[in-house]
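Below is one structure, written out as structure tokens; the observations come after it.
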Amino acid sequence: MQIDVWSDVVCPWCYIGKHRLESALARFPERDAVKLVWHSFELDANSPKESKLPMADLLAQKYGMSREKAKAMQAQVTGVAAQDGLTFRLDDALPTNTFDAHRLLHLAKARGLQDTLKERLFLAYFTEGKPVGDATVLADLAAEAGLDRAEAAAVLADATAYAKEVRADEAHARQIGVRGVPFFVIDQKYGVSGAQPAEAILGALTQAWGERAPITAAGEVCDDDGCAVPAKA
């Protein structure tokens with residue numbers, strides 16, 4: 001069974017969703033029969049590689065909200081991440097264009113290291129405050145994930161390398177109606193939208209394995225209008 005996941009490396013719910021998926025897979029009896037494939041999705045394809053604005057200011061400017069509201073949203077998402085065992089330092093995050101990171105993930109897919117690089121990129125952006133749009137940083141992260149650094153650097157230096165693969169992923173997302181990420185497609189027919197709880201994902205995996213009626217579930221996502229924040233209890 002294959003799980004296809006569309007996500008962006010600067011999407012907080014995508015990192016949370018990845019962690020929850022892994023938690024669900026750890027409890028799934030047929031885990032060894034599951035293949036996980038990551039697909040490209042850019043939340044903002046027009047974003048620059050370098051932004052002079054901190055994350056909170058950028059969000060406030062982009063979505064027409066106060067800086068205080070943007071900071072409050074960041075704090076809530078950080079709290080959710082912490083409950084899932086993740087450390088978010090969004091004040092240190094450096095907004096960037098992710099096209100090159102997605103190209104590098106396609107190289108990693110070809111070398112059997114895609115999931116490892118995906119995790120490394122998430123950690124670099126959300127916890128370590130590294131500029132994941134910078135070619136030198138990306139090459140270093142690729143090497144840390146087990147890729148050949150020289151090969152990674154060569155891919156990054158060639159703007160056409162794996163560019164078609166990234167665009168194909170994004171075109172496929174549009175075809176199947178993906179508007180927010182993370183978005184999971186299980187066995188090419190079962191859709192799960194958003195960072196669902198691990199229990200819900202496990203249920204979807206079990207249902208898909210049993211070849212029952214297609215299901216669609218929804219959870220928090222990031223899209224062009226921002227990142228959803230759960231209501232306070």
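The values are calculated or read from the model by the stated rules, or taken from the named source; none is laboratory data. These figures come from a predicted structure and were not determined experimentally. Here the Cβ is made from the backbone with ideal geometry for all residues, glycine too, and neighbour counts use every protein chain on show.
With the checklist (1) part of a loop (DSSP other than H, G, I, E, B); (2) surrounded by 21 or more Cβ atoms within 10 Å (Cβ to Cβ); (3) not hydroxyl-bearing (Ser, Thr, Tyr) in hand, flag the one item Ile16 doesn't pass.
(1)
When you scan the stretch 66-132 for helices (runs of 4 or more DSSP H) that lie fully inside it, which ones turn up with 3 or more residues that are more than 16 Å from the chain's Cα centre (by Cα)? I'd like the intermediate steps shown before the answer.
On the way: elements: 67-83, 99-110, 114-126.
Result: 67-83.
Give Phe41, Phe28 a once-over and let me know the one that is surrounded by 13 or more Cβ atoms within 10 Å (Cβ to Cβ), within 19 Å of Val166 (Cα to Cα), in contact (Cβ under 8 Å) with a residue 60 or more places away in the chain and among the aromatic types (Phe, Trp, Tyr).
None of the other options fit; the residue is Phe41.
Return yes or no: is Ala24 modelled with pLDDT under 95 and either in a helix (DSSP H, G or I) or under 14 Å from the mean Cα position of the chain (by Cα) (or both)?
No; evaluated as a whole, the condition is false for this residue.
Test Arg179 against the stated conditions and say whether it is at negative phi and free of Cβ contacts under 8 Å to residues at least 60 places away in the same chain.
yes
Filter the stretch 112-126 for residues that are surrounded by fewer than 17 Cβ atoms within 10 Å (Cβ to Cβ) and in contact (Cβ under 8 Å) with a residue 24 or more places away in the chain; which is farthest from Asp84 (Cα to Cα)?
The qualifying residue farthest from Asp84 (Cα to Cα) is Thr116.
Anything in the stretch 28-46 that is of a type in the set (D, E, K, R) and part of a helix (DSSP H, G or I)? List them, or say none.
Once the filter is applied, which keeps residues that are of a type in the set (D, E, K, R) and part of a helix (DSSP H, G or I), the stretch 28-46 yields Arg31, Asp32.
Among Arg149, Arg179, which is the only one that is of a type in the set (Lys, Arg) and in contact with a strand residue (DSSP E or B) (Cβ under 9 Å, 6 or more places away or on another chain)? Outline the logic, then answer.
On the way: Arg149 fails: in contact with a strand residue (DSSP E or B) (Cβ under 9 Å, 6 or more places away or on another chain).
Going through Arg149, Arg179 in turn, the sole match is Arg179.
Being of a type in the set (Lys, Arg) and under 17 Å from the mean Cα position of the chain (by Cα) is the filter here; which residues of the stretch 133-183 pass it?
If the condition is that a residue be of a type in the set (Lys, Arg) and under 17 Å from the mean Cα position of the chain (by Cα), then Arg167, Arg174, Arg179 are the ones that fit.
Name the one entry in Ala135, Ala150, Ala159, Ala143 that is surrounded by fewer than 17 Cβ atoms within 10 Å (Cβ to Cβ), free of Cβ contacts under 8 Å to residues at least 40 places away in the same chain and in contact with an Asp or Glu (Cβ under 7 Å, 6 or more places away or on another chain).
The conditions single out Ala135.
Which of (1) within 25 Å of Asp224 (Cβ to Cβ); (2) part of a loop (DSSP other than H, G, I, E, B); (3) without any contact (Cβ under 8 Å) to a residue 60 or more places away in the chain does Gln196 not meet, given it meets every other one?
(3)
For the stretch 166-185, name all the residues that are charged (D, E, K, R) and farther than 18 Å from Ala101 by Cα.
Scanning the stretch 166-185 gives Arg174, Arg179.
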